[in-house]
Amino acid sequence: MTERRERVVVVGAGLAGSLAALHLARRGYEVRVHERRPDPRSALAGPGGRSINLGLSARGMRALDGVGLLDDVLKQSVPMRGRVVHSPDGTVRFQPYGVREHEILHSVLREELISRVVDAAEAEPGVRFHFGSRMVHLDRETATVRVAPTGGGEPAMVRADLVVGADGVFSAVRQQMQHGLRADYAQEFLPWGYKELTIPVGDDGRPRVRLEALHVWPGHEGLMVAHPNRDGSLTCSLFMAHEGPVSFAALDTPTAVVDFFRRHFPDAEDLMPDLARQVADHPVGHLVTVRTAPWRHADRVVLIGDAAHAVYPFYGQGMNSAFEDCAVLDRCLAEHPDRASALAAFEAARKPHTDVLADLSAANFEDLRGRVHRLGYTIAAAADRTLARLLPGRWVPLYAMVAHTTAPYADALARADRQDRILRGAGAGLVLAAALAATTLRAGRRRSAGR
Ligand SMILES: Cc1cc2nc3c(=O)[nH]c(=O)nc-3n(C[C@H](O)[C@H](O)[C@H](O)COP(=O)(O)OP(=O)(O)OC[C@H]3O[C@@H](n4cnc5c(N)ncnc54)[C@H](O)[C@@H]3O)c2cc1C
């Protein structure tokens, strides 16, 4: 750093923005964060904020460890040792996430996690968070933003040396940074949306289902996943089409809701005593993939997290990759004294991999809907785990590479493809069971369920 403390404005204090603020402060910048929502730590944050819980995996854990927050965050999380698949025929199967003790995920509450990171960032000198402050305009040439109080009031201009756009999937920073330039932008809405529902703790004060797992109710017309909470409740995301005969729009009466659950998730109805009210009251969220380039403008603006690469949530990697962005951006700033080069290196290091993640996440939507409860899938997953156990370090299932390692996403996919080729090439030398597993894996490899 030079003697003059350079100023960074971070737009958005979500997962990416709050962690980026912490890194940048430690790198010596003066940091101002503008977040349109209220402070997640205040009571105000309740109804308007997203209270979803998320699966934290290796990439996110490594990034949190890098700033000394992992132990603290894990204390607030619930370990998920595998997924419990509830089939439409009533069978319930547990599928472990990995073969080693540490190969698990952790369920964390988004707002709680952000609060921890904001606390840590605020403890650094030169960091200020401005909640209830929306960025309304960016001048990319001067790194100047106009911010306005969310509840109305006089806007203010804030001049910076660098603006970090961490303002999520519908990023205003991205839009204004790219406006009028040669930029690629593709946004794809899934015809399905999601609603959050809660499985409350049982009347006896105990969880209604096995707690230390992600619960999945697969189905072509509707899909539900549930993450566990520390109090014994579970937060569900119900995914289904926005419109059509079987859709959120069609769940317009209590009878329609109960009929739908009885038909598709027969064992879930009893887990939610106020199911119809929850479905009626809760809003439907959108699911969006964004691919774009560039992620940066000169040495003055850079995008991170969903603003740069939003993906469907079916591999459980959006937050994890957003956290990974923060660590990689920090490394690039350390390695390249010239900031324009640092931002270019950051984009080059990340974009090929987040593009692959978008593909994997879209493909897993189909898997979670239609394959995860099939016998063939269960056998293939078991064969994958067996090979991983027999050939430690030499055979790593794609899911394990994505969730339990920090191998870049495209490298993980390329290695999985190589493993498939080896298995197929072994042909006659392999026992029949392995050959059968290879065929199944080949068909399903790119789509092995990510949640
Ligand atoms: C149903 C669902 C389940 C998911 N499950 C998982 C999971 O299990 N694991 C996982 O890793 N990921 C998961 N994700 C993805 C994850 O939530 C996102 O990838 C992650 O939140 C991205 O973080 P972010 O900080 O980039 O964006 P966001 O979290 O969206 O934060 C952006 C912030 O910017 C603020 N903002 C926006 N515009 C402005 C403005 N103009 N001025 C000021 N502030 C602004 C917003 O208020 C927000 O706080 C899931 C997503 C969904 C929808």
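The values are calculated or read from the model by the stated rules, or taken from the named source; none is laboratory data. Bear in mind the structure is a predicted one, so any value in this text is a computation, not a measurement. Cβ placement follows ideal geometry from the backbone for every residue including glycine, while neighbour counts extend to all protein chains displayed.
At-a-glance table
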quantity	calculated
Meets criteria (within 11 Å of the ligand (Cβ to nearest atom), in contact (Cβ under 8 Å) with a residue 60 or more places away in the chain and not in a helix (DSSP H, G or I)) for residue 10	yes
Top-ranked residue of the stretch 121-155 - restricted to ones that are away from the ligand (no atom under 12 Å from the Cβ) and under 27 Å from the mean Cα position of the chain (by Cα), ranked as farthest from residue 301 (Cα to Cα)	123
Residues within the stretch 290-340 that are part of a loop (DSSP other than H, G, I, E, B) and either away from the ligand (no atom under 13 Å from the Cβ) or touching a His at 6+ places or on another chain (Cβ under 6 Å) (or both), tallied	7
Conditions (1) closer than 23 Å to residue 402 by Cβ; (2) crowded, with 22+ Cβ neighbours inside 10 Å: number failed by residue 234	(1)
Odd one out for residue 67 among (1) within 15 Å of the ligand (Cβ to nearest atom); (2) β-branched (Val, Ile, Thr); (3) touching a residue at least 24 places away in the same chain (Cβ under 8 Å)	(1)
Options 27, 32, 4: the member that is at pLDDT below 95 and not acidic (Asp, Glu)	4
Filter pass, residue 201 being among the β-branched types (Val, Ile, Thr) and under 22 Å from residue 368 (Cα atoms)	no
Count of residues meeting criterion [in a strand (DSSP E or B) and within 21 Å of residue 100 (Cα to Cα)] in the stretch 50-84	8
Test for residue 286: is it within 16 Å of the ligand (Cβ to nearest atom) and part of a helix (DSSP H, G or I)	no
Odd one out for residue 101, checked against (1) farther than 30 Å from residue 379 by Cα; (2) away from the ligand (no atom under 16 Å from the Cβ); (3) of a type in the set (Asp, Glu)	(1)
Qualifying positions in the stretch 180-233 - more than 13 Å from the ligand (Cβ to nearest atom), assigned to a strand (DSSP E or B), under 22 Å from residue 316 (Cβ atoms) and of a type in the set (A, V, I, L, M)	199
Output for the stretch 260-283, where each listed residue is within 27 Å of the chain's Cα centre (by Cα), in a helix (DSSP H, G or I) and touching a residue at least 12 places away in the same chain (Cβ under 8 Å)	261, 264, 271, 275, 278, 279, 280
Failed criterion for residue 427 (all others in (1) modelled with pLDDT under 80; (2) within 24 Å of residue 58 (Cβ to Cβ) hold)	(2)
Qualifying residue in the stretch 164-177 (condition: in a strand (DSSP E or B) and within 12 Å of the ligand (Cβ to nearest atom))	yes
